[in-house]
Each structure stands twice: as structure tokens, then as C-alpha cells.
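All remarks here apply to the structure that follows.
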Ligand SMILES: C[S@@+](CC[C@H](N)C(=O)[O-])C[C@H]1O[C@@H](n2cnc3c(N)ncnc32)[C@H](O)[C@@H]1O
């Protein structure tokens with residue numbers, strides 16, 4: 001099959017109301033590094049604009065969602081996570097029944113994949129213990145924790161890209177190769193990517209696009225990478241299509257809120273084509 005690339009714009013209106021003010025939470029009972037801010041005064045100044053988007057990030061925020069301070073910058077907003085989960089479910093090949101969220105963070109995408117009902121199992125990997133604790137707790141709030149297996153550690157080691165005795169989960173590697181797809185929302189290297197008109201994906205820290213692509217391609221053919229909206233599409237095409245064992249096509253989909261692209265997903269491998277009716 002010929003390889004094709006396509007950009008699509010999906011828009012969705014969102015309510016951006018801040019969570020209502022309530023009594024102060026009992027922060028002392030939370031694991032170290034974990035917070036559930038309930039009033040603006042509690043929120044570090046540099047996070048206040050993110051906290052004010054509270055319900056857009058997790059509609060169940062008030063049920064006691066846990067966050068680390070770093071997680072506010074990188075969490076996938078619920079409407080975007082749900083739309084991605086819908087697209088992945090609708091376009092994945094029939095032979096695939098499990099999904100790996102390689103950088104699960106506080107669970108934005110993991111929860112959406114579990115809620116989609118598509119997967120026999122969702123596997124979620126996170127290297128930061130406090131962040132993983134948030135993801136587990138948040139999945140409980142959304143009632144999906146029984147569908148998720150959690151791994152604490154480095155996704156490259158756990159998936160056996162970098163072989164490390166007692167860390168690589170051989171059984172996981174084997175089933176991912178046959179039945180799995182990998183979703184990856186890596187760190188983008190801080191807010192600097194926002195300044196770039198066209199973002200050089202090889203400067204992405206700590207993992208460049210080609211590192212992510214080559215690493216995950218060694219595990220499975222079907223990969224979705226969640227990247228900055230200004231990502232250099234030519235660079236993606238060059239790296240993916242230059243690979244001998246590249247899949248049949250690569251699609252790029254922009255995910256928008258309030259008319260603005262928030263990020264894009266690169267669908268690499270065997271995906272049936274998305275159409276505008278998928279919006
Ligand atoms: C952009 S955030 C993911 C956000 C996530 N999609 C969400 O909605 O919460 C990237 C996460 O990857 C984690 N991370 C970074 N390197 C990792 C690695 N090698 N293996 C596993 N997790 C890693 C970071 O601790 C961070 O929580």
C-alpha cells in the first residue's frame with residue numbers, strides 16, 4: 001500500500017470554568033509530591049492558569065483528582081484524550097487487542113483508553129512514583145482501574161528496548177509485539193517548544209522523535225506519538241518513511257480545543273484511514 005500523510009483538524013468546544021472554591025483539603029494525607037488543590041490560593045503561581053482549566057483537564061476533578069506539580073504542564077485534557085481514544089479504537093487493526101501507554105503521567109490518556117471499552121487490557125508505564133500514584137488513584141475515580149496494569153519504571157527498559165535483567169517484562173514484550181499498539185505522549189522538553197514556528201523534533205528532550213520511533217518500532221508496528229502542534233511534519237515523514245520496515249502509511253491528526261490545535265498525533269503503522277466523519 002502506498003504511504004500517505006494527512007492533516008485533519010478536529011475542533012471541540014469546551015467549558016473552561018475553574019473548579020469552585022471549597023474548604024481546604026487535607027493535603028497531609030496525600031503521598032509526597034501529590035496534591036489536590038481546591039482553592040487558587042493553594043496553587044503555585046506558575047500553575048494557576050492550568051488549575052483554572054480544572055474541569056477541562058479532568059471533568060471529575062472535584063471527586064479528588066490527584067496531580068503532581070509537574071503533571072499540570074503535560075497532562076492530556078479529557079476531551080482530547082477521549083477523541084484520541086475514539087480514533088485509535090476506530091482505526092486500529094482487528095488483530096490488536098492491547099494498548100501500552102508508555103508515558104502514562106497522571107493517567108489522562110490511560111483512563112480514556114480504558115473507558116473506550118476497546119481493549120482487553122491497558123498497560124500503563126510511568127517512571128515517577130508520585131505521578132504513577134496519581135494515575136492509579138485517578139483511574140479509581142473514573143472506575144476503570146480493573147482494566148489497567150501499571151508498571152513503575154523506564155518504558156524502554158520495561159518493553160525490552162534496552163535489555164535490563166529483572167526490569168524487562170519479557171511476557172509483556174512478547175504480547176505487545178503480536179497484539180499491542182504503543183501510545184506515547186513523551187515529555188516535550190519544557191515550554192520552549194511553544195516559541196518555535198516549526199519545532200525540531202530532534203531537539204525534543206530527553207527523547208528525540210527518531211529515538212522514540214526506532215525504540216517503539218522495535219517492539220510493535222503500530223505506534224501513536226502525541227507531539228507538539230508545531231512539530232516538523234517533513235522531519236516525521238523523512239524519519240518514518242526512510243525506515244525500511246515502515247508501516248503502510250502515516251497520518252497526522254491535529255487535536256483542537258476552542259479552535260486552537262493543542263497537539264498532534266502521528267499514527268504510524270497499520271491504521272485504517274480516518275475520515276472527516278470521525279470528527
Ligand atoms: C507528558 S507526560 C504524560 C502525560 C500523560 N499523557 C497524561 O495525560 O497524564 C510524560 C510523562 O512521562 C514520564 N516519563 C519520562 N520518561 C519516562 C520513561 N523513560 N519511562 C516512563 N515514563 C517516563 C514523565 O515522568 C511524565 O510523567
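Where a number appears in this text, it was derived from the coordinates with a stated rule and is not lab data. Treat the numbers as computed from the prediction; the structure is a model and nothing was measured. Here the Cβ positions follow ideal geometry from the backbone for every residue, glycine too, while neighbour counts run over all protein chains shown.
Counting neighbouring beta carbons within 10 Å and listing from fewest to most, the residues 203, 116, 208 come out as 203, 208, 116. Contact order, relative form, for the range 27-73: 48 percent (alpha carbon pairs under 8 Å, 6 or more residues apart, mean separation divided by residue count). Centroid-to-centroid, using Cα positions, the range 176-215 and the range 50-106 are 17 Å apart. FRET efficiency for the pair residue 258 and residue 163, taken as 1/(1 + (r/R0)^6) with r the Cβ-Cβ distance and R0 = 25 Å, rounds to 0.05. The length gained on full extension between residue 49 and residue 238, counted as 0.36 nm times the residue separation minus their Cα-Cα distance, comes to 64.4 nm. Counting neighbouring Cβ atoms within 10 Å and putting the fewest first, the residues 120, 249 line up as 120, 249. Packing, taken as the mean count of other beta carbons within 10 Å per residue, orders the peptides 107-114, 83-90 from highest to lowest as 107-114, 83-90. Here the simple spin-label model places points 7 Å from the Cα toward Cβ, and for residue 97 and residue 214 these points are separated by 3.4 nm. The order of 99, 148, going from fewest to most other C-beta atoms within 10 Å of their C-beta, is 148, 99.
Rg/Rh for the range 27-73 to two decimals, with Rh computed the Kirkwood way over all alpha-carbon pairs. Here Rg/Rh amounts to 0.91.
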